[in-house]
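S.K.: Please find one structure pasted underneath; my questions will follow.
The values are calculated or read from the model by the stated rules, or taken from the named source; none is laboratory data. These numbers were taken from a predicted model, which means no experiment stands behind them. Neighbour counts run over all protein chains shown; Cβ positions are idealised from the backbone, glycine included.
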Amino acid sequence: MADLIYTTKSHPLPPPLTPTPSTLPSIPALALGTWGSPPSSVAQAVCHALRLGYRHIDTAAAYANEAAVGEGIRLSGVPREDIWVTTKLDNAWHARADEALAASLERLGTGWVDLWLMHWPCAVDPEDKGRVLERWTVEDTWREMGRVARERGGVRYVGVSNFGVGGLRGLVEGGEMKPVVNQVELHPGNPSPKLVAYCKAEGIHVSGYSPLGSTESPLKGNETIRAVAEAHGKTPAQVLLMWGLQKGWSVLPKSVTPERIEENFDLDGWELTEAEMASIDAIPERFKVCGDSWLPVKVFFGDGN
């Protein structure tokens, strides 16, 4: 995994907001995702992944498993400074970022988080989650996250998640602080080339969630993916992860199954050819795993395609 663990070559990071004992030069490109993973299974999954060699764990306040992630980190015996921990600000806490960060740090028990993301570009009224928070914008949230990270500490980098080009432009043109990362859904069924190109032009690292297209993904049975997998003696899941890594973004496959966690990590010593990458790029089907219909406002406008 020596060539795949870090994204340093393609995306060197700026100086951190908070000095920490971290030994990591950049974002580890392969992460264990924990979205939808029950707390009862997460601790052992995190422990197993870290002992195997993973060095990036992704969680969120909304996943309700931060405490289990912290337990898994401690169980693993891997030094905290060798692990990249990402968590996220929940929608109903945009105007209470200081309290939200303190609560996440307490639940995790990791001392600091390496990356703190605005989970969605939607500030929700904590008294009525079916409504947006009045007289508050995501730009307000972004400024508050930056202030909290600088004044309170406990955060190395700040970024966003589920932002399209328009939303990112609003933050970038604000000029005070640029997101270090934009975490979005990325797989051959939702490649978002315009969004990826914008992020690259602005020096924003892209991190892809649902890189396998979900548990019931049609990609795993796709003839092109299967043919490439057979040519390398690999699984369709491994091909999908390698496709994302060779695109230059970090990937966050989720699993609590030891065998799957091991399979997703087995990416050393091989790569896809240019022709294979092009054949996967040419898969015509388009779909999204995570929509925005549950939010009080629409946040996806198709500007990534």
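S.K.: If the requirement is being in contact with a Ser or Thr (Cβ under 7 Å, 6 or more places away or on another chain) and surrounded by fewer than 19 Cβ atoms within 10 Å (Cβ to Cβ), which of these qualifies: Glu263, Glu202, Glu185, Glu230?
M.R.: Just a single option satisfies the conditions, and that option is Glu263.
S.K.: Can you tell me which of (1) in a loop (DSSP other than H, G, I, E, B); (2) touching a residue at least 60 places away in the same chain (Cβ under 8 Å); (3) buried (at least 20 other Cβ atoms within 10 Å of the Cβ) is the one Thr110 doesn't meet?
M.R.: (2)
S.K.: Can you tell me which residue in segment 205-226 is nearest to Ile261 (Cα to Cα), limited to those that are free of Cβ contacts under 8 Å to residues at least 40 places away in the same chain, of a type outside the set (Ser, Thr, Tyr) and exposed (fewer than 15 other Cβ atoms within 10 Å of the Cβ)?
M.R.: By that ranking, first place goes to Glu216.
S.K.: Can you name the residue in segment 189-204 that is in contact (Cβ under 8 Å) with a residue 60 or more places away in the chain and more than 17 Å from the chain's Cα centre (by Cα) and is also farthest from Met277 (Cα to Cα) among such residues?
M.R.: Checking each candidate, the answer is Lys194.
S.K.: Can you pull out the residues in segment 123-132 that are surrounded by fewer than 21 Cβ atoms within 10 Å (Cβ to Cβ) and either of a type outside the set (Asp, Glu) or not in a strand (DSSP E or B) (or both)?
M.R.: Pro126, Glu127, Lys129, Gly130, Arg131, Val132, listed by residue number.
For (1) part of a helix (DSSP H, G or I); (2) within 18 Å of the chain's Cα centre (by Cα); (3) more than 26 Å from Trp120 (Cα to Cα); (4) not acidic (Asp, Glu), each residue gets a yes or a no:
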residue: Ala49; (1), (2), (3), (4): yes, yes, yes, yes
residue: Ala62; (1), (2), (3), (4): yes, yes, no, yes
residue: Val69; (1), (2), (3), (4): yes, yes, no, yes
residue: Val78; (1), (2), (3), (4): no, no, yes, yes
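S.K.: Filter segment 21-36 down to the residues that are of a type in the set (Ser, Thr, Tyr) and either buried (at least 21 other Cβ atoms within 10 Å of the Cβ) or under 16 Å from Trp249 (Cα atoms) (or both) and list them by number.
M.R.: Scanning segment 21-36 gives Ser26, Thr34.
S.K.: Under 7 Å between Cβ atoms, at least 6 apart or on separate chains: pull out the pairs that start in segment 74-100 with a residue that is under 20 Å from Ala31 (Cα atoms) and modelled with pLDDT of 95 or more and end on any residue that is aromatic (Phe, Trp, Tyr) and not in a helix (DSSP H, G or I).
M.R.: Pairs found: Thr87/Trp116; Leu89/Trp116.
S.K.: Could you please give the count of residues in segment 91-101 that are surrounded by fewer than 21 Cβ atoms within 10 Å (Cβ to Cβ) and touching a helix residue (DSSP H, G or I) at 6+ places or on another chain (Cβ under 8 Å)?
M.R.: Adding up the residues that qualify gives 3.
S.K.: Please find, within segment 44-89, the residue that is surrounded by the fewest Cβ atoms within 10 Å (Cβ to Cβ) out of those that are in contact with a Pro (Cβ under 6 Å, 6 or more places away or on another chain) and under 20 Å from Tyr157 (Cβ atoms).
M.R.: Filtering segment 44-89 for residues that are in contact with a Pro (Cβ under 6 Å, 6 or more places away or on another chain) and under 20 Å from Tyr157 (Cβ atoms), the one surrounded by the fewest Cβ atoms within 10 Å (Cβ to Cβ) comes out as Glu81.
S.K.: Of the numbered conditions (1) in a loop (DSSP other than H, G, I, E, B); (2) touching a strand residue (DSSP E or B) at 6+ places or on another chain (Cβ under 8 Å); (3) at pLDDT below 95, Pro211 fails exactly one; give the number of that condition.
M.R.: With (1) in a loop (DSSP other than H, G, I, E, B); (2) touching a strand residue (DSSP E or B) at 6+ places or on another chain (Cβ under 8 Å); (3) at pLDDT below 95 applied to Pro211, the lone miss is (3).
S.K.: Which of the residues that make up segment 163-182 are within 15 Å of Trp116 (Cβ to Cβ) and either surrounded by 22 or more Cβ atoms within 10 Å (Cβ to Cβ) or of a type in the set (A, V, I, L, M, F, W, C) (or both)?
M.R.: Phe163, Leu171, Met177, Pro179, Val180, Val181, Asn182
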